[in-house]
1. Report whether or not Ala219 is closer than 24 Å to Asp138 by Cβ, open to solvent by less than 50 Å² (accessible area, probe 1.4 Å) and in contact with a helix residue (DSSP H, G or I) (Cβ under 8 Å, 6 or more places away or on another chain).
2. Yes or no: region 241-248 includes at least one residue that is open to solvent by 40 Å² or more (accessible area, probe 1.4 Å), under 25 Å from Asp142 (Cα atoms), free of Cβ contacts under 8 Å to residues at least 40 places away in the same chain and not hydroxyl-bearing (Ser, Thr, Tyr).
3. With (1) more than 20 Å from Val239 (Cα to Cα); (2) in a loop (DSSP other than H, G, I, E, B) as the list, and Glu107 as the residue in question, which single condition is left unmet?
4. Picking from Thr222, Thr188, which residue would you name as being of a type in the set (Val, Ile, Thr), out of contact with any strand residue (DSSP E or B) (no Cβ under 9 Å at 6 or more places or on another chain) and more than 12 Å from Val134 (Cα to Cα)?
5. Out of region 157-192, which residues are open to solvent by 20 Å² or more (accessible area, probe 1.4 Å) and among the charged types (D, E, K, R)?
6. Residue by residue through region 139-156, note down the ones that are outside any loop (DSSP other than H, G, I, E, B) and either of a type in the set (Gly, Ala, Ser) or surrounded by 14 or more Cβ atoms within 10 Å (Cβ to Cβ) (or both).
7. Within region 105-139, how many residues turn out to be modelled with pLDDT under 75 and at positive phi?
8. Among (1) without any contact (Cβ under 8 Å) to a residue 60 or more places away in the chain; (2) open to solvent by less than 80 Å² (accessible area, probe 1.4 Å); (3) part of a loop (DSSP other than H, G, I, E, B), there is one condition Thr118 misses while meeting the rest; what is its number?
Amino acid sequence: MVGPAGGASGETPGVLSPDTGPQAGLPRDPRRAAGFVAAALLAALGGFVATALATTSPAPPREERRLSLAELVKDEAIRGQSLKAELKEAEDRVEKLRTSLSSTGTELARLTADLEGTRRLLGMAEMEGPGLEVTLDDSPLDTSPTGDPNDLLIHQEDLQAVVNALLQGGAEAVAVNGERVGPSSSLTCAGSTLLLNGSLFVPPFRVTALGDPTELRKALETDAGARAVARRALLFRIVYSVRAVETARVPPAPAPKTLRFARPLG
């Protein structure tokens, strides 16, 4: 039977042949197709690696790396020496400052001691320590064996003699009735009263002296003026007693008064 025109080959019109169409050229076996894809991927990867190797700079030779390391070590050694020099300079500066501060501290301590010594000499510092206490008072007698009533009284000369003997005997500080005797102090009698540093005192008079009690007592026993006071005590029974004290206190002297003097006119 003869079919339609052009259909004598016996093929169905409109149906593609297995060897034609979009999948033409691929192996029909799936395993062969997978191998073909893998080979294509390996070829592409090889091309990529070759391109990367071609664009990467070659590694420096070993000798060049050794030279670079040596230069680095040399540079660090130079830098280390420079840092050591800076450290030594800083240590020297610190040592100079320490020496200067030590010298300043020593000088300050010396000046402080000198100032304290000067304040003591001027009677401007309160002092405390062992010493002697000398008590002077008028005689309890009503009449003097000589008939002179002044023989029975303590006078400025008596008090001055005792104070001078104590100072010459090494007393560090002296006070009369709690009033410090300073370089500008003066003892003045006004009748039966004593004027010291502008303050009035009446008997009994207590003289406090700081220092070695033995040395101070010896000074009273050898001083001519103090020995005269002791003789008057025997003759007229004026009170003259001496005793050692373990702790005595002498206050600072009052601020010195400004001395004024007259000036000629014209």
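The values are calculated or read from the model by the stated rules, or taken from the named source; none is laboratory data. Keep in mind the model is a prediction, meaning the values are calculated, not measured. So basically every Cβ, Gly included, is an ideal-geometry build from the backbone, and we count neighbours across all protein chains shown. Protein only, heavy atoms only, side chains kept; ligands, DNA and RNA dropped before computing areas. Shrake-Rupley method; radii C 1.70, N 1.55, O 1.52, S 1.80 Å.
1. Details: closer than 24 Å to Asp138 by Cβ: no; open to solvent by less than 50 Å² (accessible area, probe 1.4 Å): yes; in contact with a helix residue (DSSP H, G or I) (Cβ under 8 Å, 6 or more places away or on another chain): yes.
It is false that Ala219 is closer than 24 Å to Asp138 by Cβ, open to solvent by less than 50 Å² (accessible area, probe 1.4 Å) and in contact with a helix residue (DSSP H, G or I) (Cβ under 8 Å, 6 or more places away or on another chain).
2. No, because not a single residue in region 241-248 is open to solvent by 40 Å² or more (accessible area, probe 1.4 Å), under 25 Å from Asp142 (Cα atoms), free of Cβ contacts under 8 Å to residues at least 40 places away in the same chain and not hydroxyl-bearing (Ser, Thr, Tyr).
3. For Glu107, the failing item is (2).
4. Details: Thr188 fails: out of contact with any strand residue (DSSP E or B) (no Cβ under 9 Å at 6 or more places or on another chain).
Only one candidate passes the filter, namely Thr222.
5. Passing the criteria: Glu157, Glu172, Glu179.
6. Within region 139-156, the subset outside any loop (DSSP other than H, G, I, E, B) is 149-152, 156.
Within region 139-156, Asp151, Leu152, Gln156 meet the criteria.
7. Within region 105-139, residues that are modelled with pLDDT under 75 and at positive phi number 1.
8. (3)
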